[in-house]
Structures are given as structure tokens and as C-alpha cells.
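**Student:** Below are the C-alpha cells for one structure; questions will follow.
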Amino acid sequence: MLRLKKKKEAAKEASAADSNNATESGNDTPSTANSSTSNSPTPMDTDKQQVSLLGGIGGKKVKKQEGGKKRTPGEIRIQKDIAELDGGSVATITFPSANCLTTFMCHVTPDSGYWTDCTYTFTFTIPALYPHEPPKVHCSTQLYHPNVNTQGNVCLNILREDWKPVLDINAVIYGLIYLFYEPNPGDPLNQEAARTLRENKTQFQRNVEKSLRGGMVDGVQYPKLK
């Protein structure tokens, strides 16, 4: 009985000693844990920094920034068209604003024909529904031409009934260049110029030359371009 009682007391003391050692060990652990936490992210923090395939962070889709402007179909398509522009030395493009691709200038300098060696500027405005709607083109240079009137309107079939979404800005620029090489008196905006071209090409040539020197033709004063 005495021996059994001593064994129980020894076991109790051993158990108490183990408990004290565990407590002391536990008191030392937090300092290590705190040091680890302060120097490196926890698994939860690491997960929050992962970029999701959904386009967000931590697997959650991020909303678009409020006030962000959504690009129109015209803006999307014109980027592709501009990358493919090829007017050669006859036509060059300038942009009044580097941040706006839907308004730009096309400067045409014909190398042959009636209007050779002068530069004529056309303003392009791309509508929101482009290419389902044609671009708007205005001649900014006062020009004596059967297909351009004194208000700068341009008569080009692909800008009206013959426009198709498969056409692009290059097609319009080529059309403008062609008007300088082959003016069309059969579909005019300047009726007097068209009539003169049909009936007397020599006089038409004189009128063009006079207009380019800053003269007056058919009651209209033209700027000096030569």
C-alpha cells in the first residue's frame, strides 16, 4: 500500500513538472511567432495578392473605375485603320490632339493634274457608329473644283450611297486623291466649275491657275496657294 501510494505521488509530481515545462515553452513561442508575422506575410495575406484570371484580385472581379469612358466602335475601328494608313508622299495625316483619333487632318499634295504641287487640307471626323456610318470629310482649303463647293463640302460617292462597312479611311483618302487626278463634272457640287470643265477644258485650266494664285473666279475669292 505504501509503495503504491509513493508511485502515485511520483507520477503526480512528474505530470506537474511536464505541465510547467509546456507552459514555459508556450511563453517563449509568441515572441518567435510575432517576429515571423512582422517579417513575412501570412498564407491569408499571400492569397489576397494573387491576380485572378477573372481580372481581379483574390479571385474577386474588380469593378471598372467609375467615370471611365467606354470606347465607341468608331474609336476601336479607327485605331486599326490608322495603323494601316498608306497615302505615300501625296497624302499625309496629322492629329490636332494626340489623345483623340476620331478627328484628324489629311493633307493632299497632288503630283500631277490641274492642282499639282499645292497642298489641300481635309478634316476627317469619325462618327461613333463608324464603320457602319461613313466618316465626315470637310475641305478646309478654299478650292476651285467641280466636286468641292465653296462651303468645303466634298462630293465623293463612297462618302454617301456607296459607303460599306468593309471600306476604311485609306479608301476615302484614295478617293480624295483620285478627285484631283480625275475630277468628275458629272456629279458636281460646284456647278459653274463643272460646266466649264465639260465645255472648255482650256478655260477650266486657266480658272484653276487663277484660283491658285489667289484670284477671283465666278465671283469667289480664293487664297493664294502658289
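**Student:** Out of Asp187, Asp111, Asp162, report the one residue that is in contact with a Cys (Cβ under 7 Å, 6 or more places away or on another chain), free of Cβ contacts under 8 Å to residues at least 60 places away in the same chain and in a loop (DSSP other than H, G, I, E, B).
**Tutor:** Within the list Asp187, Asp111, Asp162, the selection yields Asp187.
**Student:** Can I ask one more? Among the basic types (Lys, Arg) and within 20 Å of Ser112 (Cα to Cα), is that true of Arg213?
**Tutor:** Answer is yes for this residue.
**Student:** In segment 68-108, which residue that is of a type in the set (D, E, K, R) and outside any loop (DSSP other than H, G, I, E, B) is nearest to the chain's Cα centre (by Cα)?
**Tutor:** Glu75
**Student:** Hey, can you tell me all the residues within segment 119-135 that are crowded, with 17+ Cβ neighbours inside 10 Å and assigned to a loop (DSSP other than H, G, I, E, B)?
**Tutor:** Listed by number, the residues that qualify are Ile126, Tyr130, Pro131, Pro134, Pro135.
**Student:** Please enumerate the residues belonging to segment 125-142 that are more than 14 Å from Trp163 (Cβ to Cβ) and modelled with pLDDT of 95 or more.
**Tutor:** Those that are more than 14 Å from Trp163 (Cβ to Cβ) and modelled with pLDDT of 95 or more: Thr125, His138, Cys139, Ser140, Thr141, Gln142.
**Student:** Please verify whether segment 193-208 includes one or more residues that are within 19 Å of Thr121 (Cα to Cα), touching a strand residue (DSSP E or B) at 6+ places or on another chain (Cβ under 6 Å), part of a helix (DSSP H, G or I) and touching a residue at least 12 places away in the same chain (Cβ under 8 Å).
**Tutor:** no
**Student:** Looking only at segment 136-156, which residues are touching a residue at least 40 places away in the same chain (Cβ under 8 Å), of a type in the set (A, V, I, L, M, F, W, C) and not in a loop (DSSP other than H, G, I, E, B)?
**Tutor:** The answer is Val148, and nothing else.
**Student:** Please go through segment 68-96 and give me each residue that is at pLDDT 90 or above, polar (S, T, N, Q) and surrounded by fewer than 13 Cβ atoms within 10 Å (Cβ to Cβ), ordered by number.
**Tutor:** Within segment 68-96, Thr94 is the sole residue that qualifies.
**Student:** Hey, among the residues in segment 157-209 that are among the β-branched types (Val, Ile, Thr) and surrounded by 14 or more Cβ atoms within 10 Å (Cβ to Cβ), which one's nearest to the chain's Cα centre (by Cα)?
**Tutor:** That would be Ile169.
**Student:** Right, here's the next one. Using the structure shown, decide if Ala128 is farther than 20 Å from Val90 by Cβ, small (Gly, Ala, Ser) and touching a helix residue (DSSP H, G or I) at 6+ places or on another chain (Cβ under 9 Å).
**Tutor:** Answer is yes for this residue.
**Student:** A follow-up question, please. Is it the case that some residue within segment 214-221 is at pLDDT 95 or above, outside any loop (DSSP other than H, G, I, E, B), of a type outside the set (Phe, Trp, Tyr) and loosely packed, with under 14 Cβ neighbours inside 10 Å?
**Tutor:** yes
**Student:** For segment 102-118, how many residues are within 16 Å of Asp81 (Cα to Cα) and surrounded by 16 or more Cβ atoms within 10 Å (Cβ to Cβ)?
**Tutor:** If we filter segment 102-118 for residues that are within 16 Å of Asp81 (Cα to Cα), which is where we start, we get 102-106.
Keeping just the survivors that are surrounded by 16 or more Cβ atoms within 10 Å (Cβ to Cβ) gives 102, 104, 106.
Within segment 102-118, residues that are within 16 Å of Asp81 (Cα to Cα) and surrounded by 16 or more Cβ atoms within 10 Å (Cβ to Cβ) number 3.
The values are calculated or read from the model by the stated rules, or taken from the named source; none is laboratory data. Just so it is clear, the model here is predicted, and its values are computed rather than measured. Cβ atoms come from the backbone with ideal geometry, glycine included; neighbour counts cover every protein chain shown.
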